[in-house]
Each structure stands twice: as C-alpha cells, then as structure tokens.
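Trainee: Input: one structure, supplied below.
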Amino acid sequence: MLLKILWNYSILLLCMVGFGGGAVMALALPVFQLFLSWLNYHYGKNWQTVLMLEFHLLISTVLGLYSEGYLYLRYISNDAESILVFQELLKIGTVLVCGMGIITVVLKYFSARRASSV
C-alpha cells in the first residue's frame, strides 16, 4: 500500500527536479497524471482506496506545480507573464486531477457494485 501512495508523489519529485523546463514541463504533466490515475483505478481494491490514492495525487499535483512555479520564478525568470502562466497551470492541474479523481472513483464504485450483485 505504501508503494501505491508513493507513486502518486512522483509528480512532486518530477516538478521539483525539472523546474528548469518551466511551463513546458508542466504541460507534459497531464499525460503522467492520466497514467497515475489509471494506476490508482487499476490497483485500488475498492472505491475508498481509489479515493484516497486520488487525494494523494491531488496533493502531489498542487504541491508540485506550486513548487515548480516558485523555483522557476525565484531562480530563472520573475516577470509578470511567468507568474500568470504558473497561476493558470496550477488551476488547470488542480481541476484536471479533481475531474480524473471523480471519474475513477465513480467508475470503481459502479464496477465494485456490479461485481457484488452478480
């Protein structure tokens, strides 16, 4: 179970290590987030586990995008456009992970419900 939780925090590590890539790095994250969401769905035993794993993915995404923006703005570029870009990327990333989380939890709930009624 610990490994399932830790793989969700790989986004945080990826954002902190690759902050030099700037917004390009953040634009590549949705593919990785989709993959992690699929892993959470596939390896979660029930909908409660998937919900917990998706919550960890949300925390990792928010902290990762915030840290990436902070590090980029502190050490590379501190102009107004960069600040706006990272604010929007944080909003988009949060909404994307919340949406994927809702979808995966609902799918797991209905698949477990269907399996128990058969």
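The values are calculated or read from the model by the stated rules, or taken from the named source; none is laboratory data. Since we're looking at a predicted model, the values are computed, not measured. Neighbour counts are summed over all protein chains in view; Cβ atoms, including those assigned to glycine, are modelled from backbone coordinates with ideal geometry.
Trainee: Can you find, within the range 52-87, the residue that is farthest from the chain's Cα centre (by Cα) among those that are surrounded by 17 or more Cβ atoms within 10 Å (Cβ to Cβ), of a type in the set (Gly, Ala, Ser) and at pLDDT 90 or above?
Mentor: Looking at residues that are surrounded by 17 or more Cβ atoms within 10 Å (Cβ to Cβ), of a type in the set (Gly, Ala, Ser) and at pLDDT 90 or above, I get GLY64.
Trainee: Looking only at the range 6-29, which residues are surrounded by 15 or more Cβ atoms within 10 Å (Cβ to Cβ), under 14 Å from the mean Cα position of the chain (by Cα) and of a type in the set (A, V, I, L, M, F, W, C)?
Mentor: If the condition is that a residue be surrounded by 15 or more Cβ atoms within 10 Å (Cβ to Cβ), under 14 Å from the mean Cα position of the chain (by Cα) and of a type in the set (A, V, I, L, M, F, W, C), then TRP7, ILE11, LEU12, LEU14, CYS15, MET25, ALA26, LEU29 are the ones that fit.
Trainee: Okay, moving on. Give the range 12-50 a look and list any residue that's closer than 27 Å to LEU107 by Cβ and not in a helix (DSSP H, G or I), or say none.
Mentor: Scanning the range 12-50 gives GLY44, LYS45, ASN46.
Trainee: Also, I was wondering about something else. For PHE32, are the conditions met, namely being within 13 Å of TYR9 (Cα to Cα), surrounded by fewer than 17 Cβ atoms within 10 Å (Cβ to Cβ) and not acidic (Asp, Glu)?
Mentor: yes
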